Amino acid sequence: MKIYSDFAGRRTRQIIADVLALCAIALWVWFGYTVFTLINNLAVFGVQMEDAGAGFEETMTEVGETLGGIPLIGPGIRLPFDGASAAGSTLEAAGQAQQDAVLQLATTLGIGTALLPVLMILIVWLVPRILFIRRAGRAKAVVTADAGLDLLALRALTTQKLSAITKIDADALGAWRRGEPEVVRRLAQLELRSSGVKLRES
């Protein structure tokens, strides 16, 4: 697998692009986490509500149990405190529900904030990098084959710009058909260069 070009200029641009893309991804992930943290901090109200409800329920239950032990009038006195205890339980449940809702909202917005930009970066940066790696790997494999130079020269004739081909030879196709070594080699070099692979001197 060939990750970077053999040519210094292109390799430098690839390294810079990789660093910038990774930094941008890290920045958006951090930003998404920051959004999650800021929104999730709103759950503190739910925590306070839950704690208040739990404390109120516990207090009313204790008072009701204490007063309920009074002979004759105990059961009657206890009823309002049992009702208040149930209200505390409702408040506690509402506090927990608020925390769950805030957590869900924070998670959705945090992931949403980071996900779309990261996906765009991956499409714009990673896809071309993968295509380069595949193309460079194939070119490197072809050049080591027996007929590698001929195949690369033929590919250059079909894929490279006409202006670049005519600089090598005005009749590059004819020269390739005749098997002229220097033209074949230069055409192969042209194709390899576009793939980021340098033809090693034999």
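Here, each number is a calculation from the coordinates, and none is a lab measurement. The shown structure was predicted, so the numbers you read here are calculated from the model rather than taken from an experiment. Every residue, glycine among them, receives a Cβ derived from its backbone with ideal geometry; neighbour counts consider all protein chains shown.
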Residue-by-residue Karplus 3J(HN,Hα) for segment 31-39, coefficients 6.51, -1.76, 1.60, Hz, glycine and proline x: 5, x, 5, 5, 4, 4, 5, 4, 6
Convert 4 °C to kelvin, take the viscosity as 1.567 mPa s, use the Kirkwood radius over C-alpha pairs of segment 1-48 as Rh, and evaluate the Stokes-Einstein diffusion coefficient in µm²/s, rounded to a whole number. 95 µm²/s
Given H placed 1.01 Å from N in the peptide plane, which residues other than close sequence neighbours of Lys2 have an amide H under 5 Å from its amide H? Gly137
Spelling it out for Lys198: with amide H atoms placed in the peptide plane at 1.01 Å from N, the residues 5 or more places away or on another chain with amide H under 5 Å from its amide H are Asp6
If you scale each eigenvalue of the Cα gyration tensor by 5 and take the root, what three semi-axes come out for segment 99-202, rounded to whole angstrom and sorted largest first? 48, 14, 8
Semi-axes, largest first, in whole Å: what does sqrt of 5 times each Cα gyration tensor eigenvalue give for segment 144-202? 16, 13, 9
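Report the longest stretch of the chain that contains none of the trypsin sites (Lys or Arg not before Pro) sitting in a DSSP loop with at most 11 other Cβ atoms within 10 Å.
Free of exposed loop sites, the longest segment is 1-160.
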Can you compute log10 of I(q)/I(0) for the chain with the Debye formula, treating each Cα as one identical point scatterer, at q = 0.07, 0.08, 0.10 Å⁻¹? -0.51, -0.56, -0.67
